[in-house]
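Read through the structure below, which is laid out as structure tokens, and then see the notes.
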Amino acid sequence: MAERVETFANATLYLGDAREVLPDLPPHGLAVFDAPYPITSGGAAKPSDKHKPMSGGWMADYGNDGKIVQCDIDWIEIFDLVAVALAPDADVYAMANDKNVYAAWDAATKAGLKFHNLLVWDKITATANRWYMKNCEFTLYLYKGRAKRIADCSSKQLVRLPQRDESGHPTEKPVALMQHYITNSASAQMRVLDPFMGSGTTGLACLRTGNPFTGIEIDETHFDSACRRFEAHLSSRQRDMFLQTAGAGL
């Protein structure tokens, strides 16, 4: 049961726990998500050290406690939920860092999903680390049922896009990255699911592609941020359409 439901164009956003909301929703043809998982800074050699090179912004004071986002769910439960929420033939893009790839992969396999490829996002900027600086995150490209070709078979495993800080969410991803995945795996009217929506990046990508979107977020602060981003995007699009129409009438 959702605490709130907001609708923006063909996107429906649910404030609530995915474990409670997903069972009431119809099957989805594509899931694109960055699930919550504990992370560590890889930082200080000893507790008294201040690992300053973690670099500004939201990471400036981040420690090793792993409490960056609300996380009371593990990979097995995540993929059990997602697998049931999918249509018989569906693709999945699930993001993880290097320390979580194996656990996510193992859980996805146990949930009945099959592996296509391990994709890489090069963030360009790097997080300081004593064992090679970290500039990459990973995406498990999975599928349920029958395998389907992607739309652009010239796409490579690695995508190089800068990190954007547009919402204040601590693990925000570029809209262009999610749009790349959606464009390759979703037909025109296929509904896309993000059960851990955060600030709505996957949904914003769907507004660009025209795909119907279902997003679920448990944290009200991030949910409200997503709503503001959707409102701003739609207002900007309406303004652009008005200006184009006005210009055509000159």
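Numerical summary
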quantity: Subset of region 136-147 that is in a strand (DSSP E or B) and either touching a Leu at 6+ places or on another chain (Cβ under 9 Å) or open to solvent by 50 Å² or more (accessible area, probe 1.4 Å) (or both) - its residue that is farthest from Ile124 (Cα to Cα); calculated: Lys144
quantity: Subset tally (residues that are exposed (fewer than 15 other Cβ atoms within 10 Å of the Cβ) and not in a loop (DSSP other than H, G, I, E, B)) for region 121-133; calculated: 4
quantity: Which listed residue, of Lys67, Lys114, Lys110, is over 21 Å from Asn184 (Cβ atoms), at pLDDT 95 or above and not acidic (Asp, Glu); calculated: Lys110
quantity: Elements of type strands (runs of 3 or more DSSP E) contained in region 148-250, each with 2 or more residues being open to solvent by 40 Å² or more (accessible area, probe 1.4 Å) and at pLDDT 95 or above; calculated: 158-160
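The values are calculated or read from the model by the stated rules, or taken from the named source; none is laboratory data. Because the structure is predicted, anything quoted here is derived from the model rather than measured. As a convention, Cβ positions derive from the backbone with ideal geometry for all residues, glycine included, and neighbour counts pool all protein chains shown. Please note that ligands, DNA and RNA were not included when accessible areas were found on the heavy atoms of the full protein model with its side chains. Shrake-Rupley method; radii C 1.70, N 1.55, O 1.52, S 1.80 Å.
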